[in-house]
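Working notes, structure below.
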């Protein structure tokens, strides 16, 4: 898998070294494949009302993608043009499922680094990483080409940037009532509109957003 830097946005794709985190994870207390839901007590405006899908969590740290904040300026067709995946005149010929593929602001770290979170019906050795519950992650321009030509995964979203934590950092934030956690699945990730994901995630815990307090816990 190769990295590509191109266009005014400077968006690039390259491997993310989360395999070491995942080798150490998967036991009780780890949040691989789960959702983090920001609490009002978070105290960090960058994460206000965010929902984060956790790609990896271990004693070595944690890593995830914000899945409910769309990019304000960049659409998927524009990204394909910027990365020379398609020509500008071909953007109008893309099928609706491709043009509608959401581009998310994945987190405050490396905000121009691209990742595709997707169903595991698409998987490329040395480019894709299997996550949890039929979900995979790919960080290569090849998956963009596959999506543009109808050969990609059935369900996907693209994220620019990510959220990362050092050893024990996320655990402390949860203990300090910064986050709620709950289970996730492909229907939530790819079927719920990003604007509705925060309320939907709280609903999984039986919480009315209008009544949300600073109490934290785990489903």
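All alpha carbon pair distances within the stretch 117-173 were sorted into 10 Å bins beginning at 0; the resulting P(r) in whole percents reads 22, 45, 23, 10, 1.
Computed over the stretch 19-205, relative contact order equals 29 percent, with contacts defined as Cα pairs under 8 Å that lie 6+ residues apart.
Calculated on the alpha-carbon coordinates, the convex hull of the stretch 84-182 measures out at 131 cubic angstrom per residue. Given 4 °C and 1.567 mPa s, compute D for the stretch 50-116 with the Stokes-Einstein relation, Rh being the Kirkwood radius over Cα pairs; round to the nearest whole µm²/s. Approximately 96 µm²/s, per Stokes-Einstein. Placing a label point 7 Å from the Cα of residue 44 along the Cα-to-Cβ direction, the residues of the stretch 63-105 whose backbone N falls under 13 Å of that point are 63-66.
State the Kirkwood hydrodynamic radius of the stretch 19-205 in Å, one decimal place, computed from all pairs of distinct Cα atoms.
Final number for the Kirkwood radius of the stretch 19-205 is 16.8 Å.
For residue 205 and residue 193, the difference between the fully extended length at 0.36 nm per residue and the C-alpha to C-alpha distance is 2.5 nm.
For 46, 204, 105, what's the fewest-to-most ordering of other Cβ within 10 Å of each Cβ?
46, 204, 105
We did not get these values from a lab; they are worked out from the coordinates using the rules stated. Model, not experiment: these values are computed from the prediction. All Cβ positions, even for glycine, are placed from backbone atoms using ideal geometry, and neighbour counts span all protein chains on display.
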